[in-house]
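Written below as structure tokens is the structure these notes are about.
The values are calculated or read from the model by the stated rules, or taken from the named source; none is laboratory data. Remember, it's a predicted structure, so these values are computed and weren't measured experimentally. Note: ideal-geometry Cβ built from the backbone for every residue, glycine included; neighbour counts use all protein chains shown.
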Amino acid sequence: MMETAKIKVKKLNLYYGDNHALKDIDIKIRPKAVTAFIGPSGCGKSTFLKTLNRMNDLVENVKIEGEVLLDEKDIYAPGVDTTILRKKVGMVFQQPNPFPMSIYDNIAYGPRIHGIKDKRKLDEIVEESLRGAAIFDEVKDRLKKNALGLSGGQQQRICIARALAVCPEVLLMDEPTSALDPISTSKIEDLMEDLKKKYTVVIVTHNMQQAVRVADDTAFFLLGELIEFRETKLLFSYPQDKRTEDYITGRFG
Amino acid sequence: MRIKFDEQLKNLNNEMISMSAMIEKAIQEAIDALLTQNIKKAKQIMKDDELVDREQKKIESICFQLLIQQQPVARDLRIITAAMKMVTDMERIGDQAADIAELTVMLAKDPYMPKVEHIKKMSFETITMLIKAVEAYVEQDMEKAKEVIEHDDVVDELFLQVKNELIALMKKSTGCEEQAADMLMVNKYLERIGDHASNIAEWVIFSVDDHVRDEFPS
């Protein structure tokens, strides 16, 4: 399917206490492409997404085995700084969650934490990030206004801009449009097309048509297992596993 | 789960079967009218072609509805795509039956001078192909579909044989050149029907076969 991989996962198992939530996941995620994870609720796709930048570390009683290699380096190896990891592997959530501060400060927050103080440099980053998230023109005249005053779709793009501001390599998106109307959804989908030119994008979605529209590759999860992973157009026209076919054609009951 | 969707697919299948029955009947009767020089029957076939056209529109509209409402994927999508392509071939078969009927009206004025035995054989082979293609669709039988495609060679071979015979006849200048030319056209229509039956069989394979392929059949 591919020669190079941005992320390589080998034999990943995850337990929440006694609950074996991810089972022997092996996957290679292409650089500069959009990869979608689909599957019914509770199949482990969001859990798996979170293992890619160690967001599960914070969960109590979690046990993770196996390897997650980002550019061939195991992100679970001892001594890995999760702050730096999460700078490289950014995340956007289902509900837009801008900080209760100005649009400008939302975007400048990350760079400031990582030590950038120069006003001109920050201005530059803020503009570039907002442009990268296709929202600059809509907010350029009110950068000092509170980000919470924006619409849901705009807030979500602010969150994407905030993630872009720290120059990530990978962008994880957990159902980024499920709380948005169709027009905002379409803007975010168009944006993904742009984002993949520079970043590796991984998205969890419940909307299968969205996976068909935006993703180059699609992975189908069921009950903690990765059932099938292939090019999106092939997965949706010639699924090779009966369970995949049953799920994408709505036969699951 | 997906009760309405399955009902819609069943409805599509039923309409496909009824359109198949219509064209099967049209071509059978067109040949019958030709062989028995039955002008009345020929004219009826020409008229009935409208029903085939209407059925095609109906099926296309069902397919559009399915695409819009269900956004089908995987085999569902292949079945619907195949149906949309198949009806084009089926409609053409209907046209060709009507074309044969039209020629029949002219040919029926005089007794046949060229031997019609070969046309009989040719029509038998093409109708067999069509019936089999339709059966392959109804039964979702890939093997049967493959047989149809293979059988096209038999029809092509027969076409050449009939064509050569008719040319030989024309060269003798026995006064039946015009009739021979019309028969040649009937022969060509039958050969085309074989091609369309073969296309239908290819679409059956497309919808049934799970093996990955990048392109649609031509």
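Things to note:
- Test: residue in the range B:8-27 that is within 14 Å of chain A (Cβ to nearest Cβ) and either hydroxyl-bearing (Ser, Thr, Tyr) or over 30 Å from A:Gln210 (Cα atoms) (or both): no
- Any hit, the range B:208-218, residues being within 14 Å of another protein chain (Cβ to nearest Cβ) and either in contact with a Pro (Cβ under 6 Å, 6 or more places away or on another chain) or in a helix (DSSP H, G or I) (or both): yes
- Qualifying residues in the range B:174-201 (those that are among the acidic types (Asp, Glu) and modelled with pLDDT under 95) - the one surrounded by the fewest Cβ atoms within 10 Å (Cβ to Cβ): B:Glu178
- Scanning the range A:98-131 for residues that are aromatic (Phe, Trp, Tyr) and more than 9 Å from A:Leu143 (Cβ to Cβ) turns up A:Phe99, A:Tyr109.
- The residues of the range B:154-166 that are free of Cβ contacts under 8 Å to residues at least 12 places away in the same chain and more than 23 Å from B:Gln28 (Cβ to Cβ), listed by number, are B:Leu160, B:Asn164.
- Figure legend. Inter-residue proximity from the range B:1-30: first residues in contact (Cβ under 8 Å) with a residue 12 or more places away in the chain, second residues of a type outside the set (A, V, I, L, M) and in a helix (DSSP H, G or I), beta-carbon distance below 6 Å, spacing 6+ or different chains. Indicated pairs: B:Phe5/B:Gln70; B:Met19/B:Glu55; B:Ile23/B:Gly94; B:Ala26/B:Gly94.
- Qualifying positions in the range A:133-180 - more than 28 Å from A:Phe48 (Cβ to Cβ) and acidic (Asp, Glu): A:Asp137, A:Glu138, A:Asp141
- Tally, over the range A:226-241, of residues that are polar (S, T, N, Q), within 9 Å of chain B (Cβ to nearest Cβ) and in contact with a strand residue (DSSP E or B) (Cβ under 8 Å, 6 or more places away or on another chain): 1
- Test for A:Ala215: is it small (Gly, Ala, Ser), under 19 Å from the mean Cα position of the chain (by Cα) and crowded, with 17+ Cβ neighbours inside 10 Å: yes
- None of A:Lys73, A:Lys63, A:Lys45 is touching a Gly at 6+ places or on another chain (Cβ under 9 Å) and surrounded by fewer than 15 Cβ atoms within 10 Å (Cβ to Cβ) except A:Lys63.
- Single unsatisfied condition, A:Asn56 versus (1) within 13 Å of the chain's Cα centre (by Cα); (2) in a helix (DSSP H, G or I): (1)
- Applying a threshold of 7 Å to beta carbon distances and a minimum spacing of six or more residues, or different chains, the list of pairs starting in the range B:70-98 at a residue that is away from chain A (no Cβ under 14 Å) and ending at one that is of a type in the set (D, E, K, R) reads B:Met84/B:Glu60; B:Val87/B:Glu60; B:Glu91/B:Asp53; B:Gly94/B:Asp49; B:Asp95/B:Asp49; B:Gln96/B:Arg192; B:Ala98/B:Asp49.
- So B:Leu190, is it farther than 22 Å from B:Arg78 by Cβ, touching a Ser or Thr at 6+ places or on another chain (Cβ under 6 Å), in a helix (DSSP H, G or I) and in contact (Cβ under 8 Å) with a residue 40 or more places away in the chain: yes
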